[in-house]
Structure formats: structure tokens, C-alpha cells
1. Check residue 194 against each of (1) free of Cβ contacts under 8 Å to residues at least 40 places away in the same chain; (2) touching a Pro at 6+ places or on another chain (Cβ under 8 Å); (3) surrounded by fewer than 17 Cβ atoms within 10 Å (Cβ to Cβ) and name the one condition it does not meet.
2. Given the criteria in contact (Cβ under 8 Å) with a residue 60 or more places away in the chain and either open to solvent by 40 Å² or more (accessible area, probe 1.4 Å) or at positive phi (or both), does residue 66 qualify?
3. For region 165-176, indicate whether the set of residues that are closer than 24 Å to residue 118 by Cα and among the small types (Gly, Ala, Ser) is non-empty.
4. Take residue 183 and tell me if it is in contact (Cβ under 8 Å) with a residue 60 or more places away in the chain and not charged (D, E, K, R).
5. Among the residues of region 263-276, is there at least one that is open to solvent by 30 Å² or more (accessible area, probe 1.4 Å), small (Gly, Ala, Ser), under 17 Å from the mean Cα position of the chain (by Cα) and within 21 Å of residue 59 (Cα to Cα)?
6. Are any residues in region 207-233 assigned to a strand (DSSP E or B) and surrounded by 23 or more Cβ atoms within 10 Å (Cβ to Cβ), and if so, which ones?
7. How many residues does region 128-165 hold that are surrounded by 20 or more Cβ atoms within 10 Å (Cβ to Cβ), among the small types (Gly, Ala, Ser) and farther than 15 Å from residue 91 by Cβ?
8. Quick one: residue 20 ticks every box in (1) modelled with pLDDT under 95; (2) surrounded by fewer than 20 Cβ atoms within 10 Å (Cβ to Cβ); (3) in contact with a helix residue (DSSP H, G or I) (Cβ under 9 Å, 6 or more places away or on another chain) except a single one, so which number is it?
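The values are calculated or read from the model by the stated rules, or taken from the named source; none is laboratory data. It should be emphasised that the depicted structure is a prediction, and the values quoted were computed from it without experimental measurement. Here the Cβ positions follow ideal geometry from the backbone for every residue, glycine too, while neighbour counts run over all protein chains shown. When the accessible area is computed, the model is the full protein with side chains, heavy atoms only, and any ligands, DNA or RNA have been set aside. Shrake-Rupley method; radii C 1.70, N 1.55, O 1.52, S 1.80 Å.
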Amino acid sequence: MQPEARGRRRWPWLLAVFLLPAVLLSTALLFASDLLYRRAAARAPAFPFPACQKVWAHRGWAPAGGENSLQSVQGAFERGAAGVEIDILFDHELQDFVVSHDRPFTLFNGKPLRLETVLSRHTHGSGFFWLDAKDLRKLSPLAARKATQRLAALIQHYGLGERALVESGNPLYLSWLASRGVHTSYAVSPNDRKYAAPVYRLHAAVTKLGYALAGASAISMDISRYTPVAAATFDKAAVLLSTVNDPGTLLRLSGVPEVKVILSDHDHFELSACAGRASP
């Protein structure tokens, strides 16, 4: 037999040797992740947020004083927003959280705005907070341990345990917050438009495992990623979406039971997901 013929006959066996374990592993991953995801979603803490009023202010009501400012937070609540999303960063020197989307920090009257200052103004109100912990996932485990302890302490000290949630893309750090009774949301980026179906399913499986590890109350994503495929993939979990400004889209999404919160830059806060919906 010619060497070329022997080589051609070996290829199917070599492919089987390498592909079979990969297929079996992928199948096991898909099955296990879906099972754990469904169990985690069934055990997720019940959301205390209003079921009808789902449109929240993205970084507050910016015209009132700039994004992520005391004035924007207060302005959003005054305009009827049930909740406000603000961006927070952990400062190593202060060992505390600052309200800002980027570094260097946004300054107000020449100083960074501490998260505690914002929360302390709303201890007796009825408004809810979505705290987007921008850099939590990038911290070392030691720094993240201090950061999560501080964040949980702030939420508990100001009586916001049922009025605040923390968003991050690190499931381990979210699990530390969840263990302290803090509502959390696991930030995800499904992309069925970019990846082929097999790749998307594997990515979704890893995401589901992360959600299960986090013990999160919800999953959050950008509206561009909330496609019909993504909605079907994560249909068991509560979903938080950012950022939607079109009134028709807001009205449609508010009617989706799994969607609990939708962020908006515009004043559509009175829109209702319940009977007798207000006009946006």
C-alpha cells in the first residue's frame, strides 16, 4: 500500500480521536449549563421593583445637572422615575466608591461625588437604584473583596437592601454581594448576529454557568444584544435592558414579562406596563 493511501485512511480516525471528545464535552457543557441556569433562575431573589413602571433614568435626568450628578438623580425622581441607574468606580486611595462613568472622575464643584453622598439623600424615599459597578470585574480578588464589603455595607447602612441592585460582569464578585443579601445583575453580551450558531450556543452556555455561579437576581444587557434569539436563550431570568429612547420600543418591551427594567435617557418614566398604559 502506498504511503499516501495509508495517510488518507488515517485521517478519519485522527479526526474522530480529536473531535469526539470535543463533541462530548460541548454536549455535556450545554446540558449542565442549562440545568444549572434554570435552577438558579428559579431560586433567584424576587424583584422588589415596580412591575408596571419599568422605565428608569439612565445616569439620572441629565438636563437637571449633568449625568451621574446629585441633581440628575433627584431630578429623575421628581419627574416620576421609579429608579435611577448611576455608574460607580472603586477608588483605591479613598477605599470607597465614586459616582463616575470614567477615570479621571467627573468632578462636581471640584470634587468627586461619593456614592455614599447620593445614597444618604434617599434613605427615606421610595426610589430604586441600579448601581453599575464599572470596574469591579477588573479588580484583583483582594481589592474586590474590600470593594464588595464596602458596597454591601453602604446599601445595608442606608436601608436600601430592597431598593438597590449592583451590576457587574464578574460572577464571582457578584456572588460575594449576593451572599450578603444584595440584589445583583450579571452583565452579559450575547451576540447571535456575529457568531455562528454553534459558537453562540457555547458562549451562551458559559454565560449561563456564570449566572448560576453569581446567584444573581437578573441578567442585564444592551438593547442591541436583546434579539429574539437572546430573549429565547435567557427566557427564564429577569432581564434588565439599556438604553432605549424610542417610545414605541419602550412600550413594546415594557409588555415583556421577563423584562423588569429599561433604562432611558428621555422622560418616558410615566409609561406603564400594566392595564391603562400612559402615553409615552
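1. Only one criterion in (1) free of Cβ contacts under 8 Å to residues at least 40 places away in the same chain; (2) touching a Pro at 6+ places or on another chain (Cβ under 8 Å); (3) surrounded by fewer than 17 Cβ atoms within 10 Å (Cβ to Cβ) is unmet by residue 194, namely (2).
2. Working: in contact (Cβ under 8 Å) with a residue 60 or more places away in the chain: no; either open to solvent by 40 Å² or more (accessible area, probe 1.4 Å) or at positive phi (or both): yes.
No.
3. Within region 165-176, one or more residues are closer than 24 Å to residue 118 by Cα and among the small types (Gly, Ala, Ser).
4. Working: in contact (Cβ under 8 Å) with a residue 60 or more places away in the chain: yes; not charged (D, E, K, R): yes.
Considered against the rule, which asks whether it is in contact (Cβ under 8 Å) with a residue 60 or more places away in the chain and not charged (D, E, K, R), residue 183 comes out as yes.
5. Narrowing region 263-276 to residues open to solvent by 30 Å² or more (accessible area, probe 1.4 Å): 265-267, 270, 274-276.
Okay, now just the ones that are also small (Gly, Ala, Ser), so 275-276.
Going one step further and asking which of them are under 17 Å from the mean Cα position of the chain (by Cα), we end up with none.
Checked region 263-276: no residue is open to solvent by 30 Å² or more (accessible area, probe 1.4 Å), small (Gly, Ala, Ser), under 17 Å from the mean Cα position of the chain (by Cα) and within 21 Å of residue 59 (Cα to Cα).
6. If the condition is that a residue be assigned to a strand (DSSP E or B) and surrounded by 23 or more Cβ atoms within 10 Å (Cβ to Cβ), then 218, 219, 220 are the ones that fit.
7. So the count comes out to 1.
8. If we test residue 20 against (1) modelled with pLDDT under 95; (2) surrounded by fewer than 20 Cβ atoms within 10 Å (Cβ to Cβ); (3) in contact with a helix residue (DSSP H, G or I) (Cβ under 9 Å, 6 or more places away or on another chain), just (3) comes out false.
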